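The values are calculated or read from the model by the stated rules, or taken from the named source; none is laboratory data. All figures in this text were calculated on a predicted structure; none of them were measured in a lab. Here the Cβ positions follow ideal geometry from the backbone for every residue, glycine too, while neighbour counts run over all protein chains shown.
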Amino acid sequence: MANAVILLCAGISARMRDQVTDKILVPLKGKPVVNYSLEAFATSGTVDEYIIAYRDQVQRIGISQAIENHPIADLNIRWVRGGTERQDSVFNALSQLTNNIDYVFIHDCARPLIDRQSLNKLRDRVEKDKAVTLAHKVTDTIKLVDSDNEDQRQLQLTNLDRSKLWAMETPQVFERNLIVQAYQSLKENNIKATDDTTAVITYGHRISLLESTQPNPKLTIPEDIAMIENFIEDLQLS
């Protein structure tokens, strides 16, 4: 089996409130965010091909500089220009897979805490089920809002059974032909998707869930930097 990983780096970091130019290159404990994901995949031995979806030439140069003089610089990395939306970046990257790839990991590099053990479990599961994602059970009480009322007053809230709610993470992993056909279907039918499971579900295929065994947060706002560094420190001490 030959596997590939699509590493998504093309986001514009809008929710960093101009405090960070590019969150993918933010140093966490002295190491750029993007390096954590690359190192996890490299040391897990789960993939043979790396595709980095980048935002623009400035970011591509920044990522290249972040990984130079490091063993991960020798990985089989290919580069593809990302699109306006996340699904555009994934579609562009899928079109660049080499013919021998059987399974595809899709990972948001803003989740730097992905671990080798989870990657190996995902690989084993996808070979059986064709579609699997890392996820965690929702512990908060979640309500469904009945309108887009901007001031959020006097709303009708619907209770949701949190025992049946899961929050999707990445990596999400798929049989190559399945994910390619799912994304082609999205494009042909002009359907919007915020993650890859949406594409596969819309295409009519079921998804397996692999529950996270350690924190795998997404770097989204400036306050997340300190939180994730604390997690890194805890993991190094454990």
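Numerical summary
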| read-out | value |
| --- | --- |
| TYR36, sole failed condition from (1) out of contact with any helix residue (DSSP H, G or I) (no Cβ under 7 Å at 6 or more places or on another chain); (2) within 25 Å of ILE225 (Cα to Cα); (3) free of Cβ contacts under 8 Å to residues at least 40 places away in the same chain | (3) |
| Scope the range 6-24; condition among the acidic types (Asp, Glu) and at pLDDT below 85; matching residues | ASP18 |
| Selection status of ILE225, aliphatic (A, V, I, L, M), more than 24 Å from ARG123 (Cβ to Cβ), modelled with pLDDT of 95 or more and buried (at least 18 other Cβ atoms within 10 Å of the Cβ) | yes |
| Subset of the range 209-236 (residues that are part of a loop (DSSP other than H, G, I, E, B) and within 26 Å of LEU165 (Cα to Cα)) | SER212, THR213, GLN214, PRO215, ASN216, PRO217, LYS218, LEU219, THR220, ILE221 |
| Only one of LEU165, LEU160, LEU113, LEU134 that is modelled with pLDDT of 95 or more and under 23 Å from MET1 (Cβ atoms) | LEU134 |
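Let's see how each residue does on (1) touching a Lys or Arg at 6+ places or on another chain (Cβ under 7 Å); (2) within 29 Å of ARG17 (Cβ to Cβ); (3) of a type in the set (D, E, K, R); (4) surrounded by fewer than 16 Cβ atoms within 10 Å (Cβ to Cβ):
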position	(1), (2), (3), (4)
LYS130	no, no, yes, no
LEU144	no, yes, no, yes
ASN149	no, yes, no, yes
LEU155	no, yes, no, yes
PRO171	no, yes, no, no
LEU219	yes, yes, no, no
